[in-house]
Amino acid sequence: MNRIKKIRGHKKIQKRIQNWIEQNRTINISDFLANKYCYTYVSFNPYFNISINNSNIAEPKTKTRKHIILGLQEIYNHWKIELDKLNQPYFLKIYLFEPRVSKSQVICAIGKEEIEYYEHFFRIADYKSDASFQKILSADFKWKTHSDDDIFSEQELITQESYYHIAEDYNYCKKLLKKLQKKNYTKVKAENEYGEDYLYYIPKGKVLIGAK
């Protein structure tokens, strides 16, 4: 088992957080209207994608955690000002992950299909709301609690070996699928352009989704 690395150089991290906020608080409306969605996430070291790539690095805590959450709120507020000028329905919410805070995001979308996609992406979960988040952020936010899951597609995991560049990846997927099938994880039938599929949901925590 990998030991969790302690994070050092907190002054540098605080500067990275501020740079991240400044780089992301202005939304490019023309790109947004063309793509119909936009998002920002914790995209600075050492927290960038740690839930996927660097699991031996500790999630943000105390002051760093607070500054990241307040940064998401600042980005949200700036985006809301610009989106309100469009005078049409839009989706804009903060996603706060617990304990995987490094996955937290601000997401916005426009258009019926895109809004419905984001409205129903996460499974609603019967978790108690995290009061510590609400103490940090504005009381104007209304929150709903959902499940933070790692989602695996059976269709992708049964891909033939010839499609893999590395044999180890193929063997890993085979073993993972067997594990998923044995465990009592939530399994949901799905349809896509390639036909019938099954999605396995492995709970990792919760995600609070909020908007003003």
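The values are calculated or read from the model by the stated rules, or taken from the named source; none is laboratory data. Since we're looking at a predicted model, the values are computed, not measured. Don't worry about glycine lacking a Cβ; one is built from the backbone with ideal geometry, like all the others, and counts go over all protein chains shown. Heads up: the accessible areas ignore ligands, DNA and RNA and are worked out on the full protein's heavy atoms, side chains in. Shrake-Rupley method; radii C 1.70, N 1.55, O 1.52, S 1.80 Å.
Tabulated data
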quantity	calculated
Base-10 log of normalised Debye intensity for the chain (one unit scatterer per alpha-carbon) at q = 0.10, 0.17, 0.18 Å⁻¹	-0.54, -1.31, -1.37
Heavy-atom accessible surface of the chain: percent carbon and sulfur, 1.4 Å	49
Accessible area in square angstrom per residue, region 116-212, 1.4 angstrom probe	72
Helix-only mean residue ellipticity at 222 nm for the chain, each DSSP H run of n ≥ 4 adding -39500 (n - 2.57), per residue, nearest 500	-11500 deg cm²/dmol
5 angstrom amide H check on K206, placed H, neighbours 5+ away	E98, R100, D148
Relative contact order (%) - the chain, alpha-carbon pairs under 8 angstrom, separation at least six	21
Charge dipole magnitude, Cβ of K and R +1, D and E -1 - the chain, Cα centre, debye nearest 20	1580
